[in-house]
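Worksheet: one structure, shown below.
The values are calculated or read from the model by the stated rules, or taken from the named source; none is laboratory data. Predicted, not measured: the structure shown is a model, and the values here were computed from it. Here the Cβ is made from the backbone with ideal geometry for all residues, glycine too, and neighbour counts use every protein chain on show.
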Amino acid sequence: MKHFLNTQDLSRAELDALLAQAAAFKRTPFGNDLKGRAIALVFFNPSMRTRTSFELGAFQLGGHAIVLQPGKDAWPIEFDAGTVMDGEAEEHIAEVARVLGRYVDLIGVRAFPKFVDWAEDRQDKVLRAFARYSPVPVINMETITHPCQELAHALALQEHFGTTDLRGKKYVLTWTYHPKPLNTAVANSALTIATRLGMDVTLLCPTPDYVLDERYMDWAARNVAESGGSLTVSHDIENAYRGADVVYAKSWGALPFFGRWQDEKPIRDAHRHFIVDERKMALTNDAVFSHCLPLRRNVKATDAVMDSPACIAIDEAENRLHVQKAVMAWLASQAG
Ligand code: CP
């Protein structure tokens, strides 16, 4: 049984087919691909785009979505095996996933890291436990990667450049300031998909501490070897922006500081100038700009950048709907 946990698990043919199907759903939104089917959307963290686009997508394909928020409107769940469950959790994932699998045909999971211990968070325990116990396909709605965002981003770039072949484009993934240390998921994902599509990728971040986890750096290196792109890490803003075709912004916390964020804060605060602004965009090759959203204006990117014709963040957000319909339809058809 196929799950949709990371794009790296997909063959290139599967990735291309999902993007093509998403483009087809964008042209023809309604279908019967999920007729009589249901998806449980399990949210451990807030969402605007993901929740709306999955619920609407299921509806547009004739299916039904049920949102569950464990610890809020559903019982808190235990994920570790062999635990004496005398704490907050009222039931174990072994029962939750199996019971949901008797009701629904797909399960979506959003579970961010706890931001205390990266060694623990990088195991992606919640998503992995759902995938282990669920009798139906599981979809990653953002854990330590965000594969649905990757597909939406890739489709938006293909639309912008008018081609599915993005090889040779200079792609800058830039860290930006945010008052809080955020999840590395979208950064991991941007690095993964941009290298997969053969672009010349620069990871621009304040210091070596902000380089992403070795798993994703390794994926990117492997992708570059296969796709013919390139991967460079830079801490030099002007060099990174110069000649860029794509600027993708995201803020994230530095991995070595998990659990001691008070020590990371002064470093983060000293790099507010990483904001995406008109001066930096002027160094580019008339680059397109995007961000996964939500975005704090005039902190991560200026009003002028967000309101410029170069900004395709709204197109990318719209594409979440189309790509997730492609993912749901694909998994439902595989499951029979
Ligand atoms: N980009 C994204 O996943 O948005 P939400 O957090 O609103 O779902």
Only one of (1) β-branched (Val, Ile, Thr); (2) within 14 Å of the ligand (Cβ to nearest atom); (3) within 16 Å of TYR241 (Cα to Cα) does not apply to THR284, and that is (2)
Result of the Cβ filter at 7 Å on the stretch 39-56, keeping first residues that are more than 20 Å from ALA97 (Cβ to Cβ) and partners that are assigned to a helix (DSSP H, G or I) and within 9 Å of the ligand (Cβ to nearest atom), at least 6 apart or interchain, is ARG49/ALA317; ARG49/ARG320; SER53/ARG320
In the set PHE59, PHE30, PHE54, the lone residue that is surrounded by fewer than 20 Cβ atoms within 10 Å (Cβ to Cβ) and either of a type in the set (D, E, K, R) or part of a helix (DSSP H, G or I) (or both) is PHE59
A careful count of residues in the stretch 272-291 that are surrounded by fewer than 19 Cβ atoms within 10 Å (Cβ to Cβ) and out of contact with any Lys or Arg (no Cβ under 8 Å at 6 or more places or on another chain) gives 7
Check the stretch 76-85 and report whether any residue there is within 16 Å of the ligand (Cβ to nearest atom) and surrounded by 18 or more Cβ atoms within 10 Å (Cβ to Cβ). no
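Got a sec? Which strands (runs of 3 or more DSSP E) wholly within the stretch 220-336 have at least 1 residues that are over 30 Å from ALA17 (Cβ atoms) and not aromatic (Phe, Trp, Tyr)?
Once the strands (runs of 3 or more DSSP E) in the stretch 220-336 are filtered for at least 1 residues that are over 30 Å from ALA17 (Cβ atoms) and not aromatic (Phe, Trp, Tyr), what remains is 230-234.
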By residue number, the members of the stretch 126-142 that are within 18 Å of MET328 (Cα to Cα) and either in contact with a strand residue (DSSP E or B) (Cβ under 7 Å, 6 or more places away or on another chain) or surrounded by 22 or more Cβ atoms within 10 Å (Cβ to Cβ) (or both) are LEU127, PHE130, ALA131, SER134, VAL136, PRO137, VAL138, ILE139, ASN140, MET141, GLU142
Screening PHE54, PHE43, PHE79, PHE25 for residues that are over 20 Å from LEU127 (Cβ atoms) and aromatic (Phe, Trp, Tyr) leaves only PHE25
Taking the stretch 62-75 and keeping only residues that are in a loop (DSSP other than H, G, I, E, B) and either under 22 Å from ASN183 (Cβ atoms) or within 16 Å of the ligand (Cβ to nearest atom) (or both), one is left with GLN69, GLY71, LYS72
Within the stretch 43-60, restricting to residues that are among the aliphatic types (A, V, I, L, M) and over 16 Å from the mean Cα position of the chain (by Cα), the one that is farthest from the ligand (Cβ to nearest atom) is ALA58
When the stretch 86-114 is checked residue by residue, the ones that are more than 27 Å from the chain's Cα centre (by Cα), assigned to a loop (DSSP other than H, G, I, E, B) and surrounded by 12 or more Cβ atoms within 10 Å (Cβ to Cβ) are ALA89, GLU90
- Query: Within the stretch 313-334, is even one residue touching a Pro at 6+ places or on another chain (Cβ under 8 Å), away from the ligand (no atom under 16 Å from the Cβ) and at pLDDT below 95?
  - Reply: yes
Note on ALA24: of the conditions (1) out of contact with any Lys or Arg (no Cβ under 9 Å at 6 or more places or on another chain); (2) of a type in the set (A, V, I, L, M); (3) crowded, with 20+ Cβ neighbours inside 10 Å; (4) farther than 24 Å from THR143 by Cα, unmet is (3)
Cβ pairs under 6 Å, 6+ apart or interchain, first in the stretch 205-219 and under 17 Å from HIS178 (Cα atoms), second hydrophobic (A, V, I, L, M, F, W, C) and assigned to a loop (DSSP other than H, G, I, E, B), ordered by first then second residue, are ASP209/ALA254; TYR210/ALA254
Practice prompt. Evaluate the following for LEU173: is it hydrophobic (A, V, I, L, M, F, W, C), under 14 Å from the mean Cα position of the chain (by Cα) and within 16 Å of the ligand (Cβ to nearest atom)?
Written response: yes
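One line per residue, one yes/no per condition, for (1) of a type in the set (A, V, I, L, M); (2) within 30 Å of PHE30 (Cα to Cα):
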{"residue": "ASP86", "(1), (2)": "no, no"}
{"residue": "ALA89", "(1), (2)": "yes, no"}
{"residue": "VAL104", "(1), (2)": "yes, yes"}
{"residue": "ASP121", "(1), (2)": "no, no"}
Those residues of the stretch 109-146 that are of a type in the set (Asp, Glu) and within 16 Å of the ligand (Cβ to nearest atom) come to a total of 1
